[in-house]
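All of the numbers you see were taken from the coordinates with simple rules; none came from a lab. Not measured: the values here are computed from a predicted model. For neighbour counting, all protein chains shown are included, and Cβ atoms are generated from backbone atoms with ideal geometry for every residue, glycine included.
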């Protein structure tokens, strides 16, 4: 009998390396910041947009919760929108410090499995489906922005001007592949009597295969609105700082930032998000120091939303019913 090939597990030093990447990037950004300039910008901050931005972020979480609840319902499990909203806030909290951008998703999987009684497997499939649709929505917004405002795309990707059509074709094709692949998947049915089994992989996808195609447009629309709400939140914070950046710029810049943040080389995208945002905004005449200031303000807004999740969890803990991470 041949020896089985063992797949090496993730090296235990990998989280530490992610920490070093995040720490090094943050220290570099702090060194670049012109603190006198940052003080002047923050001293003239507009309180209206500053206070409205976190509220818009909370509204975006509500959109994500509606999508999650819709997907769970289509899979045959009940997760009310308010419960999904609470679970999203918990996930947002743990995303701030867990050593992965998917850390909050793990918390939401445990939350959904407990509240809906669906089990870890189906809850994981639904949350991963959310993640895939979110990435597809991000790419769709990027391609849409590039097609509507090609002059901004050319300015942002100046070193790659001659390859821009190819880049847009690849990204757009990937998004269409994800959306139409999801549509085909949702139209399928789980194996039944007289039908051949499709293997463990497709059996694991059975909760999603029970979804009706009628749900797909609504889920896609919610995914697009979810991403767009975060873009509007960032725009409000830019207006609060008095930066001369319009929505068309953010419609191109932020999807790229989200895709960069998805790279698993830092702690929850910390450092990558701030550095890429400052760099891309500099292509539109925004000082690097101002871009970094904006990026840290966006981080504070995310921490505000996560803090609300922490308060809700503390409240549940005091009542004796707090959620804990799976395996805790």
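Normalise the Cα radius of gyration of region 32-90 by 2.2 N^0.38 Å (N = residues in it) and let me know the number. Please list the in-between numbers first.
Working: Rg = 18.4 Å, N = 59, 2.2 N^0.38 = 10.4 Å.
So the Cα radius of gyration is 1.78 times the expected 2.2 N^0.38 Å.
Roughly what would the spin-label model give for residue 299 and residue 128, points 7 Å off Cα along C-beta, in nm?
Simple spin-label model gives 3.1 nm for this pair.
Just subtract the alpha-carbon distance of residue 244 and residue 35 from 0.36 nm times their residue separation and send over the number in nm, one decimal.
Values: separation 209, 0.36 × 209 = 75.24 nm, distance 1.97 nm.
Length gained, residue 244 through residue 35: 73.3 nm.
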